[in-house]
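The values are calculated or read from the model by the stated rules, or taken from the named source; none is laboratory data. All figures in this text were calculated on a predicted structure; none of them were measured in a lab. Glycine gets a Cβ as well: all are built from the backbone with ideal geometry, and neighbour counts include every protein chain shown. When the accessible area is computed, the model is the full protein with side chains, heavy atoms only, and any ligands, DNA or RNA have been set aside. Shrake-Rupley method; radii C 1.70, N 1.55, O 1.52, S 1.80 Å.
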Amino acid sequence: MAHLPTFVTDLAIILITAGIATILFKWLKQPVVLGYIVAGVIAGPFITWLPTVTEMVNVETWAEIGVIFLLFALGLEFSFKKVIEVGGTASIATLINMGSMIVIGYIVGQLLGWSSMDSIFLGGMLSMSSTTIIIKAFTDMRLQKQKFATIVFGMLIVEDLAAILMMVLLSTVASSSSFGGGELFNSIFRLFFFVLIWFIAGIYIVPTMLRVLKKYLNDETLLILSVGLCLGMVLFAARVGFSAALGAFIMGSILAETILVKHIEHLVEPLKNLFGAVFFVSVGMLLDPHVIVEYAGLIVMLTLVVLIGRVIFATAGVLAAGHGLKVSIQAGCSLAQIGEFSFIIASLGMSLGVIRPELYPIIVAVSIITTFTTPYFIKYATPLYYVIEDYIPSGWEKLIHGYKRNLYEPAPDTNDWVKLLKSIAILVGVYFTIALAVELLSEEFLIPFVNENLPGVQGHVLAAVITLLFMAPFLRAIVMKKNRSEEFRKLWQVGPFNRVVLIFLIVVRMVICIGLVLKLLIPLFPGATVLMGFISLGFIVLVVYFQGFKKQSRMIEERFLKNLNQKELQDQKQAAFLPKTQSALLSKQIHIEEIEISPLSPKVGKTLKESNFRRNTGVHIVSIIRGNKKINIPDANERLYPYDKIIVAGSDKEIQRIIQTIEERNQMLQVEEPVHHISLIQY
């Protein structure tokens, strides 16, 4: 028990200071994250006239746990489908913005005479926006439904994924102290290989497990199971040489595809808030006021680099994605800050010992300044556009309006060759990865076990047969998938040249499979390479013609797709519109929005006729969702109740007006009403 007093005292100081700072910053209407950082400064070792933390080692442990839960929670809100949905717009804009800021950060570091590692980490820190600050600013300013806000949210999704990749690559570069292209390529390949395997295996196993165990999952067991899965993936990621943060994020993204994700988010949120607070407080503890004073000029310079550079490059990225100048400037000004991921990258550099100590407090100071400036940049983005517009030549209409006429306009039919080659490339990549993973697991566990219990040629044969049987469904999928698709049939009927090319594609896929089999067999039978080649060819032919492997492949794929799409299918059942209908409306500039009626809304208890949303705001009330009941095309006498969800259709401005109307607080609620007491008397 001797170690408890220091541990408990430090945790008490952290949480009490954080609690006071949180209340103060809530009162000042400032982001809570800044309150945590200020609390860290107060509770840190540099403020000696107040009770301070004595054992920073304990704080670092809690902070690492905080990063794990922050990334796990981020994964729960993340979905790989979202990346596909935001499409090229967010990807192009984010690539230009992040890539430019990384280069600018590296150049600034080199001009300051810093090492290459310091410069690389500085570029990474300057390239990351703050999701927390942006969401807070948009919510306070009621801009969530604006077109530019939607683009910014898409860019943040891509940024989050890019940040995870960046952390892994920075760890690899820092650990090896090398910038060799071959080693970097190997790290990227390993990263994508393991992420893909984890995601595929997780989607195949986890949703199925949750469905089977659903009747046993109350709040307690679901929380324990979710945290256990998170920490299990953390251990596995560390075992294969990746960061704990990556493992937590991957498990969160897997659970994000399940129908229980909202429930899990609700249960995990207190843990995220608690440990996240400790992490941000630990960030503040490393903020040395003396360093801030000493490097004040550098802090001001980096702040200007962030404010100017991020606005310019984010605006350029959105313009390059095809949007108009006004929307691009609004999006660029919204991203003019750095935040929590910059802290995590700085913590990574500190833990690896590859960046100078003063870089950490400098980045925190820059983040604090840019956080305060964010609302003002968002507010004055539109006036800035009108100033710039006056200087644009009259012939540059495309710059003002954008060349992408409609973000939601359906894409034209692509060439059959493009469709076929794209689908084959994806299928081959996925099934090749799975087959390779089976082979690697066999080399790691099965083959040593069999050789230990059955040494010699017999053991090698048994291990090879077992491994090939597990690989067979995936090898068949590599060779045969899409060979009977509509595009394949169309191209086959065009002429002999197309048929030659299509046959060549099948042969190439067979060669890939033969290579996988040879990779397994040659180490087991090194003296019979030619014989193994013939055996590999015969095995692939057998796999293609044996229907049992086809059935297994189809069952595995159906299970995976069912698990992957179950949440989406459930959401579609509860939605007022099918996705196709919604896309058609979006293509006509008609937006669909779901708005929840707050118990404090002045519209509670009123009929639609009394509220008269159509005349006051211009929107159409399409549907009302009340619990499990859905009222489509409600009549004028339908009343609104607390927690009703109304589905409305209209333009961006019209939807913004109805949100403001519904969220207005009734002034009568601020008047004190007489308190009535009830007494129970027994006679």
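A few remarks follow.
- Subset of segment 436-448 (residues that are of a type in the set (A, V, I, L, M, F, W, C), open to solvent by 30 Å² or more (accessible area, probe 1.4 Å) and under 25 Å from Val511 (Cβ atoms)): Val438, Leu440, Leu441
- Count of residues meeting criterion [in a helix (DSSP H, G or I) and surrounded by 14 or more Cβ atoms within 10 Å (Cβ to Cβ)] in segment 517-538: 12
- Any hit, segment 554-567, residues being touching an Asp or Glu at 6+ places or on another chain (Cβ under 7 Å) and of a type in the set (A, V, I, L, M): yes
- Pairs with Cβ under 9 Å, 6+ apart, first in segment 485-502 and closer than 13 Å to Lys419 by Cα, second not in a helix (DSSP H, G or I): Phe488/Lys482
- Val494 over 31 Å from the mean Cα position of the chain (by Cα) and buried (at least 19 other Cβ atoms within 10 Å of the Cβ): no
- Verdict on Leu505 being touching a Leu at 6+ places or on another chain (Cβ under 9 Å) and at pLDDT below 90: no
- Of all residues in segment 56-68, those that are closer than 22 Å to Phe242 by Cβ have Cβ atoms under 7 Å from Cβ atoms of residues that are of a type in the set (S, T, N, Q) and assigned to a helix (DSSP H, G or I), 6 or more apart or on another chain, in Glu60/Ser282; Ala63/Ser282.
- Leu11 being part of a helix (DSSP H, G or I), modelled with pLDDT of 85 or more and surrounded by fewer than 18 Cβ atoms within 10 Å (Cβ to Cβ): no
- No other residue among Val227, Val234, Val168 is surrounded by fewer than 19 Cβ atoms within 10 Å (Cβ to Cβ), in contact (Cβ under 8 Å) with a residue 12 or more places away in the chain and in a helix (DSSP H, G or I) apart from Val227.
- Residues in segment 31-55 that are without any contact (Cβ under 8 Å) to a residue 24 or more places away in the chain and open to solvent by less than 60 Å² (accessible area, probe 1.4 Å): Val32, Gly35, Ile47.
- Residues in segment 189-213 that are over 20 Å from Glu558 (Cβ atoms) and in a helix (DSSP H, G or I): Phe189, Arg190, Leu191, Phe192, Phe193, Phe194, Val195, Trp198.
- In segment 416-435, residue nearest to the chain's Cα centre (by Cα) [restricted to those that are more than 13 Å from Lys481 (Cα to Cα) and open to solvent by 20 Å² or more (accessible area, probe 1.4 Å)]: Ile434
- Index of the failed condition, Lys482 passing every other in (1) over 35 Å from the mean Cα position of the chain (by Cα); (2) not in a helix (DSSP H, G or I): (1)
- Test: residue in segment 554-575 that is part of a helix (DSSP H, G or I), at pLDDT 85 or above and more than 34 Å from the chain's Cα centre (by Cα): no
Matching residues to (1) free of Cβ contacts under 8 Å to residues at least 40 places away in the same chain; (2) polar (S, T, N, Q); (3) under 20 Å from Phe372 (Cα atoms); (4) surrounded by fewer than 17 Cβ atoms within 10 Å (Cβ to Cβ):
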{"site": "Ser243", "(1), (2), (3), (4)": "no, yes, no, no"}
{"site": "Ser253", "(1), (2), (3), (4)": "no, yes, no, no"}
{"site": "Ala256", "(1), (2), (3), (4)": "no, no, no, no"}
{"site": "Leu304", "(1), (2), (3), (4)": "yes, no, yes, yes"}
{"site": "Phe313", "(1), (2), (3), (4)": "no, no, no, no"}
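- Comparison of Ile400, Ile424 shows that the only residue that is part of a helix (DSSP H, G or I), in contact with a helix residue (DSSP H, G or I) (Cβ under 7 Å, 6 or more places away or on another chain) and modelled with pLDDT of 90 or more is Ile424.
- Within segment 285-299, one or more residues are closer than 30 Å to Thr48 by Cβ, open to solvent by 10 Å² or more (accessible area, probe 1.4 Å), of a type in the set (D, E, K, R) and over 18 Å from the mean Cα position of the chain (by Cα).
- Test result for Val541, closer than 27 Å to Leu421 by Cβ, open to solvent by 60 Å² or more (accessible area, probe 1.4 Å) and β-branched (Val, Ile, Thr): yes
- Entirely in segment 35-129, the helices (runs of 4 or more DSSP H) that have 2 or more residues that are of a type in the set (Lys, Arg) and within 16 Å of the chain's Cα centre (by Cα): 80-111
- Filter result for Asn451 (without any contact (Cβ under 8 Å) to a residue 60 or more places away in the chain, outside any helix (DSSP H, G or I) and either in contact with a Gly (Cβ under 8 Å, 6 or more places away or on another chain) or open to solvent by less than 80 Å² (accessible area, probe 1.4 Å) (or both)): no
- Candidate set from segment 591-615 (those that are among the aliphatic types (A, V, I, L, M) and either open to solvent by less than 40 Å² (accessible area, probe 1.4 Å) or touching a Ser or Thr at 6+ places or on another chain (Cβ under 9 Å) (or both)); member that is nearest to Ile631 (Cα to Cα): Leu608
- Listed by first and then second residue, the pairs linking a residue in segment 612-640 that is assigned to a loop (DSSP other than H, G, I, E, B) to a residue that is open to solvent by 90 Å² or more (accessible area, probe 1.4 Å) and not charged (D, E, K, R), with Cβ atoms under 8 Å apart and 6 or more places separating them unless they lie on different chains, form an empty list.
- Selection from segment 485-516 of residues that are of a type in the set (S, T, N, Q) and either under 30 Å from Leu440 (Cα atoms) or part of a helix (DSSP H, G or I) (or both): Gln493, Asn498
- Candidates Phe470, Phe474 - the one that is modelled with pLDDT of 90 or more, within 35 Å of the chain's Cα centre (by Cα), open to solvent by 80 Å² or more (accessible area, probe 1.4 Å) and closer than 21 Å to Thr433 by Cα: Phe470
- Of the candidates Leu111, Leu122, the single residue that is at pLDDT 90 or above, within 19 Å of Thr303 (Cα to Cα) and surrounded by fewer than 17 Cβ atoms within 10 Å (Cβ to Cβ) is Leu111.
- Listed conditions (1) at pLDDT 85 or above; (2) buried (at least 18 other Cβ atoms within 10 Å of the Cβ) are all met by Glu358, apart from (2).
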